1. Apply the Kirkwood formula to the stretch 104-149: the hydrodynamic radius equals the inverse of the mean of 1/r over all pairs of different alpha-carbon atoms; give it in Å with one decimal.
2. Using the Cα centre as the reference, give the magnitude of the dipole from point charges on the C-beta atoms of the chain (Lys, Arg: +1; Asp, Glu: -1; all else neutral), rounded to the nearest 20 debye.
3. Counting heavy atoms of the protein chains only and a 1.4 Å probe, report the per residue accessible area for the chain as a whole number of Å².
4. Specify the residue with the greatest mean-square fluctuation among Val121, Val110, Val57, computed from a Gaussian network of the chain linking alpha-carbon atoms under 10 Å apart.
5. Report the label-to-label distance for Thr98 and Tyr10 in nanometres (one decimal), using points 7 Å from each Cα along the Cα→Cβ vector.
6. Pairs of Cα atoms under 8 Å, at least six residues apart: use those to get the relative contact order of the chain, whole percent.
7. So which trypsin sites (Lys or Arg not before Pro) in the stretch 50-155 are both in a DSSP loop and have at most 11 other Cβ atoms within 10 Å of their Cβ?
8. Carbon-plus-sulfur fraction of the accessible area of the chain, 1.4 Å probe, in percent?
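The values are calculated or read from the model by the stated rules, or taken from the named source; none is laboratory data. Since this is a predicted model, take the numbers as computed values, not measurements. Glycine gets a Cβ as well: all are built from the backbone with ideal geometry, and neighbour counts include every protein chain shown. Just the protein is used for accessible areas: all its heavy atoms, side chains included, with ligands, DNA and RNA removed. Shrake-Rupley method; radii C 1.70, N 1.55, O 1.52, S 1.80 Å.
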Amino acid sequence: MISPELLRRYPFFGPFNEAQLREIAMIADEFEAEAGAQIFDEQQPAEALYLLLEGSVELTYKSEEEYHPKTRKVFPVGDINPGELFGVSALIDPYKYTTAARATANSRIVKIDAAGLRALVAADAQMGYELMRQVARVIAERLAYTRVQLAAAWA
Ligand code: SIN
């Protein structure tokens, strides 16, 4: 468990009341990841939602080359900065990570159990609404960033 006060410092958790923050804090843990540590892999079941407290994390995507596996490439697709969330597939069906995540500097990270979070959402519709609203915002920002990258690649 972590302190609810820790979550309160981050805008993502702004919409939640005391009781809701306490419930989230109860299913969360803090850990340290050394630079280079793999946090999760692409296609792995999404068992946690993560909040980066300190350090940096890179998201990567593997291009699938079915017939020529040797030409498979790993592309960086985004950087996570302190205060940002990652592993949002923990809340999105089919609950599998769509990228890998790796610490690129020594990092402090909060890990929120996905099954616990989904149970909280199922039991508290208002909390579920706020959580999904926040997650939608994160995804919209990622989409905007991806469009800029795509436009740059085509320019
Ligand atoms: C994922 O959750 O599918 C990958 C990481 C992220 O976009 O937050």
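1. 12.7 Å
2. 400 debye
3. Accessible area per residue: 59 Å².
4. Val121
5. According to this spin-label approximation, the distance is 2.0 nm.
6. Over the chain, the number comes to 29 percent.
7. Passing sites in the stretch 50-155 are Arg72, Lys73.
8. Roughly 55 percent, rounded to a whole number.
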